[in-house]
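Enquirer: Handing you a structure now.
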Amino acid sequence: MTQASRVTAGMPSAATAEQPVAAVDNSQGRSPILLICEHASNRLPARYGTLGLTSSELESHIAWDPGALGVARELSRLLDAPLIHATVSRLVLDLNREPSAPDSIWTLSERTTVPGNLDLDATERATRVREVYEAFHGAVDAFANARQAAGQLGAVVSIHSFTPVYRDVKRPWQIGLIFDRDERYAQSVEAGLKQDPALIVGMNEPYSPADRVFHTLERHAERRGLPPLMIEIRNDLIRTQDGQASWAHRLAPLLREGARTL
């Protein structure tokens, strides 16, 4: 089945008038896997200007997960799975954090100060939570609830990318599998990946739930009793369409088989 037409979810508001904060690809996909890509976009709605950042900073990893959306879309096609992805940069609000967390709205991301996020008052924070966080996760909740009620939801997988070097330390992994209490899906995919001896697979690397990066999966998978999996791919490997397609083709059969056996 080819990918269905893309539809949008979540109502536009003053903060996101250009387009809704959540978009759904392949909404009628037959796979029981729901794909999510929270850091898919580096778009800043007009009211935020550039947040005081340069164009190169807005293209960098601090604004989004480069390559992640391309992988997620190819996985959606290969698996015939629905995909929900954000259309707003994490610099406005990080959708993979509790909105009350101190790093929900970054003022310092890695080594870059975000001038437009300094000294925000409670009203502005509440506006971002309502118009970005609640709109996105509300759309995911509505979609997931409908799929689960129809018996069409069996697992939730989020797609991310990470930098090859962080604070001058090289990261050896090509891919990381992030999980919490339910390890089954991660272990299944790890077993398949390790058939390639050239791969270094990080289990809860370069991040783990202790880094507060598991919020989306806690909310949309664990609370529903569904197996969760967060996939992190090193972004230098997926900067091109060929790289994105290669990793999607590597992961799709592992995700399909893992979901079937859970």
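The values are calculated or read from the model by the stated rules, or taken from the named source; none is laboratory data. Values in this document were obtained by computation on a predicted structure and should not be read as measured data. Here the Cβ is made from the backbone with ideal geometry for all residues, glycine too, and neighbour counts use every protein chain on show. Side chains included, ligands, DNA and RNA excluded: accessible areas come from the protein's heavy atoms. Shrake-Rupley method; radii C 1.70, N 1.55, O 1.52, S 1.80 Å.
Enquirer: Express the accessible area of the chain per residue in Å², computed with a 1.4 Å probe while the remaining protein chains stay in the model.
Expert: I get 43 Å² per residue for the chain.
Enquirer: If you roll a 1.4 Å probe over the chain with all protein chains in place, what percent of the accessible area is carbon or sulfur?
Expert: Numbers: 5670 of 11220 Å².
Reported share for carbon and sulfur atoms: 50 percent.
Enquirer: Starting from the exponent 0.38 and prefactor 2.2 Å, build the expected Rg for the chain from its residue count and divide its actual Cα Rg by it.
Expert: For the chain, the normalised Cα radius of gyration is 0.96.
Enquirer: Restricting to Cα pairs below 8 Å that are 6+ residues apart, what does the relative contact order work out to for the chain? Please round to a whole percent. All intermediate terms of the calculation are to be shown ahead of the outcome.
Expert: Numbers: 513 pairs, mean separation 60.4, N = 262.
Answer for the chain is 23 percent.
Enquirer: How large is the dipole of the chain about the Cα centre if only Lys and Arg carry +1 and Asp and Glu carry -1, each at its Cβ, rounded to the nearest 20 debye? Could you put the intermediate results ahead of the total?
Expert: Values: 28 positive and 32 negative charges, 109 e Å.
The calculated dipole for the chain is roughly 520 debye.
Enquirer: Oh, and also: Per the helix-only calculation at 222 nm, which mean residue ellipticity applies to the chain, given -39500 (n - 2.57) for every DSSP H run of n ≥ 4 and division by its residues, nearest 500 deg cm²/dmol?
Expert: Mean residue ellipticity, 222 nm, calculated: -8500 deg cm²/dmol.
Enquirer: Quick one: dipole size for the range 177-260, taken about the Cα centre, charges +1 on Lys/Arg Cβ and -1 on Asp/Glu Cβ, in debye to the nearest 20. List each step's numbers first, then the result.
Expert: Details: 12 positive and 13 negative charges, 59 e Å.
The dipole magnitude comes to about 280 debye.
Enquirer: Starting from 0.36 nm per residue, how many nanometres of slack lie between residue 103 and residue 199 once their C-alpha separation is accounted for?
Expert: Details: separation 96, 0.36 × 96 = 34.56 nm, distance 3.15 nm.
My answer for the length gained is 31.4 nm.
Enquirer: Now for a separate question. Note down the relative contact order for the range 50-201 as a percent, whole number, built from C-alpha pairs under 8 angstrom at least six residues apart.
Expert: Relative contact order, the range 50-201: 21 percent.
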